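Just so you know, all these numbers are worked out from the coordinates, no wet-lab data involved. Just so it is clear, the structure is predicted and the values come from calculations on it, not from any experiment. Here the Cβ positions follow ideal geometry from the backbone for every residue, glycine too, while neighbour counts run over all protein chains shown.
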Number of protein chains: 2
Amino acid sequence: MGLIVQKFGGTSVGDIGRIKNAAGRVMDEKKKGNDVVVVVSAMGKTTDGLVGLAYQAASKPSKRELDMILTTGEQITISLLTMALQDSGYDAVSMTGWQAGIETESIHGNARITNINTDKIKDNLSESRIVVVAGFQGLAGNGEITTLGRGGSDTTAVALAAALKAERCDIYTDVDGVYTSDPRYVKNARKLASVAYDEMLELANLGAGVLHPRAVEFAKNYGVPLSVRSSMEKLDGTIIEEEVSMETGLIVRGVAFEEEIIRMTVFGLRNEITSLSSIFSTLAKHHINVDIIIQSKTETESINLSFSIKREDLEDAIEVLQNNRKELGFTTIEHESGLSKVSIVGSGMISNPGVAAQMFEVLADHDIPIKMVSTSEIKVSVVVDESQMLKAAEVLHTEFNLDKAEQPQKVSVK
Amino acid sequence: MGLIVQKFGGTSVGDIGRIKNAAGRVMDEKKKGNDVVVVVSAMGKTTDGLVGLAYQAASKPSKRELDMILTTGEQITISLLTMALQDSGYDAVSMTGWQAGIETESIHGNARITNINTDKIKDNLSESRIVVVAGFQGLAGNGEITTLGRGGSDTTAVALAAALKAERCDIYTDVDGVYTSDPRYVKNARKLASVAYDEMLELANLGAGVLHPRAVEFAKNYGVPLSVRSSMEKLDGTIIEEEVSMETGLIVRGVAFEEEIIRMTVFGLRNEITSLSSIFSTLAKHHINVDIIIQSKTETESINLSFSIKREDLEDAIEVLQNNRKELGFTTIEHESGLSKVSIVGSGMISNPGVAAQMFEVLADHDIPIKMVSTSEIKVSVVVDESQMLKAAEVLHTEFNLDKAEQPQKVSVK
């Protein structure tokens, strides 16, 4: 008997039928004798509907008022799920973010959790009540309603699991686990029984989309065992933890890919010690995320600098750079679109040099030119032409033995 | 320059177009140099939609969880109206009930306001900001979200006007004022320029439907001048205040009517000193509102007792009475449906005896039998057959000179 935190995403509570199905999962866990805290997102398309209304009311709604309207989405779900539990004879209580003691920074739209006052939740758990908490939302010190930004409900669930010292945090979603690659596109993709936090972090950052990286990081920092599982089918999911069941000889654990990558190139940048930091701190100040960076030396006194950004940041990036051209000291900028990023991820790479070389070789063998490269201890990413993204993913998936069935073996990876 | 509280009901904020129209009314008042606090209801059919969801999730949703889900309705409206104001260049801020300092009893579904902590509103007003408050909702001392029950947004508006010592509380609605009778049914019904609190209270209680009686009572107790006006058309509305513009010789100010009245009769009630109080306290305990009561003496030791209730309370009333038959000491109960109540209301009646007699006479002249009668200082109500309700209203409207145009004259009625 322990405490389990369960999280149900928007699709898993998309209509009343699914909410009742989620209630069934909650009751299953409660029947085992566990205390249960449930975190829910807004129902399916509710958030989109509310955002739509906001943009009808104002051409540019303020972030504060967006938080005000969006937080109603989860408030609706917590009450409906609680009603469904009560209707089945279970004692349950719903709590908004502020009622659940979720304290955040005083920032709208993307606040971080600063503290969780668990008193009210604990009081209710001690009376054997199921506690249903609104994800994605919190209360700033100034009494303002805030939201946690994308993936916020995952973060709420993991933060609550950490604060309550939960045995496990189960993320129920519309996929049944973490796969070696996206099964919609890579036919041999297989579900992983387990994956390490760091691997998941790289996969999440690379757009695997199952879990928000902030939530994974939180889980890693506080050692919260996570599981990702299907809300619709009763299947084993994927466990995310520090110590994973390693597969014999499996160095790469997943192949991730992401479309709509833009390569920006800045020409004639002054070759000064602060040039790079100026460029990237200016972009960061405008919330433009830069991924891969390549600096090419030229024979003149100036530098050419390339970096990758997401499609959605292109207009902003061009505007920011042009507005600061003199100050940053460059001559022109260019960009190339129609690119994709393909990455291999695996903790096993740390102790296996040559993985990157093997990747480049197999891509060359299949006539896939590499436009940019970036490496970390457990990841190698390449930027390729969009038309070759899926082919690259397929050949890498095969090359690194991910097509084969898994034979778990417990190995410590950290 | 003063402080105006404006309230917009569900129809007046039913879609984005109407919300923008409401924003226009707010800005008009602000342009005059006034401070403005706005109270809004949930958009049009939102509440019905949420209640529908709740009854899909549970056969009998708990009151606490109903409060949780219903309060999202006003939260959506406050953010949208605030966005619309900001979009027009006005500084505005939205507040939920708990943020606005609306403190209530710890009761779900029908809490009364116990106190309003106006600090946060005043801070924002002092920075010349328009404050948009969610009606119908508050916070109980135990940190629970509560609702104020039917007409709750009217009550919020009036309570805020009282607490903030507002100059006026304007209730914007889908009718343009208070009428001498319901203009949908009584062709000669005219809009009143002003009406006294007590008259409005009787009219509201009689189903005139424009303003909730609790809000009128609050306004009367705190001397808050109210006005009822159209949110769509820019017309003078009706002022509700202590001192009204009396019309020469106009004793009756309005004719109200209400369908679906049930006459219950309890036979063979023991003729004891506690018999009546037992019956009515038992009904009250089950939230069954009894209106007109008639006790007829019989020659035996028992009493026959008739009283009127609303159609919606019939099943409950029968069940409660039957379950307590022995204890209450009666033999049988009967009920008659298909009845209506028609009432004349006017402060002028206090000093004009014979108004009731005049009413009975005109009804008799038109062959309308009276089934029950009840009188107060400013009201006479009769129960008649449903088929004769409108005819009764019409003849009374004419009899008491309400068909004629108004010629206001300032007279104190209290």
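If you put a point 7 Å past Cα along the Cβ direction, how far is that point for B:Gly149 from the same point in each other copy, in nm, smallest first?
Once sorted, the set of distances for B:Gly149 reads 4.6 nm.
Please give every one of the lysines within straight-line cross-link reach of B:Lys326, meaning a C-alpha to C-alpha distance under 19 Å, and leave out same-chain neighbours fewer than 8 residues apart.
Once the sequence-local lysines are set aside, what remains near B:Lys326 is B:Lys285.
Shortest first and in nm with one decimal, please list how far the A:Thr332 label point sits from its counterparts in the other copies (point 7 Å along Cα→Cβ).
So the label point of A:Thr332 gives 10.3 nm to the other copies.
Let me check I've understood the local charge: for A:Leu201, count other residues with C-beta under 11 angstrom from its C-beta, Lys and Arg +1, Asp and Glu -1. What total comes out?
Net local charge, A:Leu201 excluded: -1.
Please report the net charge: other residues with Cβ closer than 13 Å to the Cβ of A:Asp35, K and R +1, D and E -1.
Residues close to A:Asp35 contribute a combined charge of +2.
What are the residues whose amide H is under 5 Å from the amide H of A:Met43, where those residues sit 5 or more places off or on another chain and H is modelled from the backbone?
Here A:Thr77 satisfy the definition.
Looking at the axis that maps chain A onto chain B, which chain A residue has the closest Cβ, and how far off is it in Å, rounded to a whole number?
Residue with the nearest Cβ, plus whole-Å distance, for chain A: A:Thr72, 2.
Would you mind counting up the charge near A:Met264? Only other residues with Cβ under 13 Å from its Cβ, with Lys and Arg at +1 and Asp and Glu at -1.
With Lys, Arg at +1 and Asp, Glu at -1, the net is -3.
In deg cm²/dmol and to the nearest 500, what is the mean residue ellipticity at 222 nm of chain A if only DSSP H runs of at least 4 residues count, each as -39500 (n - 2.57), divided by the residue total?
Rounded to the nearest 500, the figure is -10000 deg cm²/dmol.
Under the definition of partner shielding as Cβ atoms of other protein chains within 10 Å of a residue Cβ, what is the mean value for peptide A:138-150?
For this peptide, the per-residue mean of nearby foreign Cβ atoms is 1.
Which far-off residues, 5 or more places away or on another chain, put their amide H under 5 Å from the one on A:Val38, with H placed in the peptide plane?
A:Gln6, A:Val131, A:Val132, A:Val133
Can you sort B:Thr398, A:Thr331 so the residue with the fewest Cβ neighbours within 10 Å comes first?
A:Thr331, B:Thr398
Distances from B:Glu312 to the same position in the other copies: list them in nm, one decimal, shortest first, using label points 7 Å from Cα along Cα→Cβ.
4.5
Restricting to chain B, compute how many DSSP beta bridges are antiparallel as a %, nearest 5.
The antiparallel fraction comes to roughly 65 percent.
Let me know the mean shielding of B:92-99 by other chains, meaning the per-residue number of their Cβ atoms within 10 Å of its Cβ.
Mean inter-chain Cβ contacts per residue within 10 Å come to 4.
Neighbour counts of other C-beta atoms within 10 Å: give me B:Thr47, B:Thr300, A:Thr114 arranged from fewest to most.
B:Thr300, A:Thr114, B:Thr47
Is there a simple number for the mean count of other chain Cβ atoms within 10 Å of the Cβ of residues in A:54-63, and what is it?
6
Treating cross-link reach as a plain straight distance, find the aspartates and glutamates whose alpha-carbon is under 20 Å from the alpha-carbon of B:Lys310, omitting any fewer than eight places away in the same chain.
Leaving aside aspartates and glutamates fewer than 8 places away in the same chain, those within reach of B:Lys310 are B:Asp182, B:Glu202, B:Glu258, B:Glu259, B:Glu260, B:Asp291, B:Glu319, B:Glu334, B:Glu336, B:Asp385, B:Glu386.
Going by C-beta contacts inside 10 Å, put A:Asp67, A:Asp367, B:Asp87, B:Asp316 in order with the fewest on the left.
A:Asp367, B:Asp316, B:Asp87, A:Asp67
Of the peptides A:266-275, B:166-175, how do they stack up when ordered by the mean number of other Cβ atoms within 10 Å, highest first?
Highest-to-lowest ranking by the protection proxy: B:166-175, A:266-275.
What is the antiparallel percent of DSSP beta bridges lying wholly in segment A:3-174, to the nearest 5?
DSSP beta bridges in segment A:3-174 are roughly 20 percent antiparallel.
Suppose we keep just the DSSP beta bridges with both residues in the protein assembly as shown; what percent of those would be antiparallel, to 5?
Within the protein assembly as shown, antiparallel bridges account for around 65 percent of the total.
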